[in-house]
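Colleague: Starting off with a structure, shown below.
The values are calculated or read from the model by the stated rules, or taken from the named source; none is laboratory data. All values reported here derive from a predicted model rather than from experimental measurement. For neighbour counting, all protein chains shown are included, and Cβ atoms are generated from backbone atoms with ideal geometry for every residue, glycine included. Remember, those area values only see protein heavy atoms, side chains included, never the ligands or the DNA or RNA. Shrake-Rupley method; radii C 1.70, N 1.55, O 1.52, S 1.80 Å.
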Amino acid sequence: LITARLEDPDQRVRASAVHALAQLEPDAISTLLPMLDDPHPAVRASAIVALDRGPQHVRAHEALSALLTSDDPEARRQGLNALAMAPDGAASRDLDGFLRDDSSAVRLAAVGALRSRSDGVARAALVQLLEDRNPLIRQSAAAALQSRDDVVDLVTPVLSRGSEPAQDAALLALEGHG
(Lines give C-alpha, C1' and ligand atoms only; values in the text may rest on other atoms or scores of the structure.)
Protein backbone atom coordinates (compact mmCIF):
# COMPACT_ATOMS: atom_id res chain seq x y z
CA LEU A 1 0.00 0.00 0.00
CA ILE A 2 2.68 2.53 1.00
CA THR A 3 4.99 1.56 -1.87
CA ALA A 4 2.22 2.28 -4.37
CA ARG A 5 1.93 5.82 -2.96
CA LEU A 6 5.51 6.53 -4.07
CA GLU A 7 4.03 6.85 -7.57
CA ASP A 8 1.24 9.24 -6.57
CA PRO A 9 0.97 12.37 -8.74
CA ASP A 10 0.81 14.57 -5.61
CA GLN A 11 4.31 15.33 -4.33
CA ARG A 12 3.01 15.69 -0.76
CA VAL A 13 1.69 12.14 -0.85
CA ARG A 14 4.98 10.86 -2.27
CA ALA A 15 7.00 12.70 0.40
CA SER A 16 4.75 11.32 3.15
CA ALA A 17 5.01 7.82 1.68
CA VAL A 18 8.82 8.06 1.73
CA HIS A 19 8.73 9.09 5.38
CA ALA A 20 6.24 6.35 6.32
CA LEU A 21 8.12 3.67 4.43
CA ALA A 22 11.38 4.63 6.13
CA GLN A 23 9.69 4.42 9.54
CA LEU A 24 7.80 1.18 8.96
CA GLU A 25 10.25 -0.69 6.76
CA PRO A 26 13.82 0.33 7.56
CA ASP A 27 15.15 -2.20 5.03
CA ALA A 28 13.37 -0.49 2.12
CA ILE A 29 16.56 1.14 0.86
CA SER A 30 16.25 -0.14 -2.70
CA THR A 31 12.70 1.19 -2.84
CA LEU A 32 13.69 4.60 -1.47
CA LEU A 33 16.82 5.18 -3.56
CA PRO A 34 14.94 6.19 -6.73
CA MET A 35 13.12 8.85 -4.70
CA LEU A 36 16.41 10.79 -4.52
CA ASP A 37 15.77 11.55 -8.20
CA ASP A 38 12.12 12.58 -7.82
CA PRO A 39 11.27 15.76 -9.75
CA HIS A 40 10.02 17.52 -6.62
CA PRO A 41 12.51 18.79 -4.01
CA ALA A 42 10.25 17.89 -1.05
CA VAL A 43 10.24 14.23 -2.07
CA ARG A 44 14.01 14.25 -2.56
CA ALA A 45 14.43 15.87 0.87
CA SER A 46 12.29 13.15 2.50
CA ALA A 47 14.39 10.49 0.81
CA ILE A 48 17.60 12.20 1.96
CA VAL A 49 16.45 12.12 5.58
CA ALA A 50 15.30 8.51 5.24
CA LEU A 51 18.58 7.33 3.71
CA ASP A 52 21.01 9.52 5.65
CA ARG A 53 21.78 6.95 8.35
CA GLY A 54 22.04 3.86 6.20
CA PRO A 55 24.57 2.44 3.79
CA GLN A 56 23.38 4.87 1.11
CA HIS A 57 24.32 7.96 3.15
CA VAL A 58 26.92 9.02 0.56
CA ARG A 59 24.26 9.04 -2.17
CA ALA A 60 21.91 10.92 0.19
CA HIS A 61 24.62 13.53 0.89
CA GLU A 62 25.18 14.00 -2.85
CA ALA A 63 21.45 14.60 -3.31
CA LEU A 64 21.47 17.02 -0.37
CA SER A 65 24.35 18.98 -1.88
CA ALA A 66 22.45 19.19 -5.15
CA LEU A 67 19.41 20.65 -3.36
CA LEU A 68 21.49 23.14 -1.37
CA THR A 69 23.33 24.42 -4.45
CA SER A 70 20.29 24.59 -6.71
CA ASP A 71 19.20 27.83 -8.37
CA ASP A 72 15.65 26.97 -7.29
CA PRO A 73 14.76 28.57 -3.93
CA GLU A 74 12.28 25.76 -3.19
CA ALA A 75 15.04 23.19 -3.65
CA ARG A 76 17.36 25.13 -1.32
CA ARG A 77 14.54 25.43 1.25
CA GLN A 78 13.85 21.71 1.12
CA GLY A 79 17.56 20.98 1.38
CA LEU A 80 17.79 23.09 4.52
CA ASN A 81 14.74 21.32 5.95
CA ALA A 82 16.44 17.97 5.33
CA LEU A 83 19.64 19.31 6.86
CA ALA A 84 17.75 20.36 9.98
CA MET A 85 16.28 16.87 10.39
CA ALA A 86 19.52 14.98 9.77
CA PRO A 87 21.51 14.09 12.88
CA ASP A 88 24.35 16.61 13.13
CA GLY A 89 23.57 17.67 9.57
CA ALA A 90 23.40 21.39 10.19
CA ALA A 91 26.46 21.27 12.42
CA SER A 92 28.69 20.34 9.51
CA ARG A 93 27.49 23.05 7.14
CA ASP A 94 28.22 26.72 6.74
CA LEU A 95 24.78 28.32 6.58
CA ASP A 96 25.96 31.92 6.17
CA GLY A 97 25.01 32.20 2.50
CA PHE A 98 21.53 30.90 3.21
CA LEU A 99 21.02 33.55 5.89
CA ARG A 100 21.47 36.23 3.21
CA ASP A 101 19.48 34.45 0.50
CA ASP A 102 17.10 36.62 -1.53
CA SER A 103 14.30 34.16 -0.76
CA SER A 104 12.70 34.69 2.63
CA ALA A 105 11.58 31.03 2.56
CA VAL A 106 15.23 29.96 2.31
CA ARG A 107 16.25 32.29 5.14
CA LEU A 108 13.41 30.92 7.28
CA ALA A 109 14.54 27.34 6.60
CA ALA A 110 18.08 28.38 7.59
CA VAL A 111 16.71 29.50 10.96
CA GLY A 112 15.24 26.01 11.34
CA ALA A 113 18.61 24.45 10.58
CA LEU A 114 20.30 26.76 13.10
CA ARG A 115 17.89 25.71 15.88
CA SER A 116 19.67 22.39 16.28
CA ARG A 117 23.10 23.97 16.65
CA SER A 118 24.47 25.27 19.92
CA ASP A 119 27.78 26.70 18.76
CA GLY A 120 28.68 30.37 18.96
CA VAL A 121 28.39 30.83 15.20
CA ALA A 122 24.77 29.65 15.28
CA ARG A 123 23.92 31.87 18.23
CA ALA A 124 25.49 34.90 16.54
CA ALA A 125 23.64 34.15 13.31
CA LEU A 126 20.30 33.93 15.13
CA VAL A 127 20.98 37.27 16.84
CA GLN A 128 21.84 38.77 13.45
CA LEU A 129 18.54 37.49 12.04
CA LEU A 130 16.68 39.62 14.59
CA GLU A 131 17.51 42.43 12.13
CA ASP A 132 16.06 40.60 9.09
CA ARG A 133 13.69 42.63 6.93
CA ASN A 134 11.03 39.90 7.15
CA PRO A 135 9.04 39.90 10.43
CA LEU A 136 8.41 36.14 10.23
CA ILE A 137 12.15 35.47 10.15
CA ARG A 138 12.73 37.85 13.06
CA GLN A 139 10.03 36.03 15.05
CA SER A 140 11.45 32.62 14.18
CA ALA A 141 14.96 33.68 15.18
CA ALA A 142 13.55 35.05 18.45
CA ALA A 143 11.78 31.74 19.11
CA ALA A 144 15.00 29.83 18.44
CA LEU A 145 16.91 32.11 20.81
CA GLN A 146 14.21 31.85 23.47
CA SER A 147 15.16 28.25 24.24
CA ARG A 148 18.83 29.11 24.83
CA ASP A 149 20.14 29.42 28.37
CA ASP A 150 22.23 32.44 27.42
CA VAL A 151 19.42 34.34 25.68
CA VAL A 152 19.66 37.35 28.04
CA ASP A 153 23.34 37.84 27.25
CA LEU A 154 22.72 37.30 23.54
CA VAL A 155 19.91 39.82 23.04
CA THR A 156 20.89 42.56 25.52
CA PRO A 157 23.09 44.35 22.94
CA VAL A 158 20.19 44.26 20.45
CA LEU A 159 17.91 45.93 23.00
CA SER A 160 20.29 48.86 23.30
CA ARG A 161 21.66 49.17 19.75
CA GLY A 162 19.34 47.30 17.40
CA SER A 163 16.67 48.68 15.12
CA GLU A 164 13.17 48.99 16.54
CA PRO A 165 11.95 45.79 14.81
CA ALA A 166 15.05 43.94 16.09
CA GLN A 167 14.41 45.23 19.61
CA ASP A 168 10.83 43.97 19.40
CA ALA A 169 12.11 40.55 18.31
CA ALA A 170 14.68 40.57 21.13
CA LEU A 171 11.86 41.20 23.60
CA LEU A 172 10.02 38.17 22.17
CA ALA A 173 13.14 36.09 22.75
CA LEU A 174 13.17 37.14 26.40
CA GLU A 175 9.59 36.05 27.11
CA GLY A 176 9.59 33.54 29.92
CA HIS A 177 13.08 34.47 31.15
CA GLY A 178 13.89 36.35 34.33
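Colleague: Subtract the Cα-Cα distance of Thr156 and Ala143 from 0.36 nm times their separation in residues, and report this length gain in nm to one decimal.
Modeller: Once the chain is fully extended between Thr156 and Ala143, it gains 3.1 nm.
Colleague: First compute the accessible area of the chain with a 1.4 Å probe, then give the percent of it belonging to carbon and sulfur atoms.
Modeller: 51 percent
Colleague: Could you tell me the calculated FRET efficiency between Arg12 and Val58, based on Cβ-Cβ distance and R0 = 30 angstrom, to the nearest 0.05?
Modeller: 0.65
Colleague: Turning to a different aspect of this structure: On full extension of the chain, what length is gained from Asp96 through Asp37, given 0.36 nm per residue of separation minus the C-alpha to C-alpha distance?
Modeller: Net length gain for the segment: 18.5 nm.
Colleague: Also: I need the peptides 11-19, 40-48 ranked by packing, meaning the mean over residues of other C-beta atoms within 10 angstrom, with the highest value on top.
Modeller: For the peptides 11-19, 40-48, the packing ranking is 40-48, 11-19.
Colleague: Along the three principal axes, how long is the chain when you take its alpha carbons, biggest first, rounded to the nearest angstrom?
Modeller: Largest first, the chain extends 56, 29, 26 Å along its Cα principal axes.
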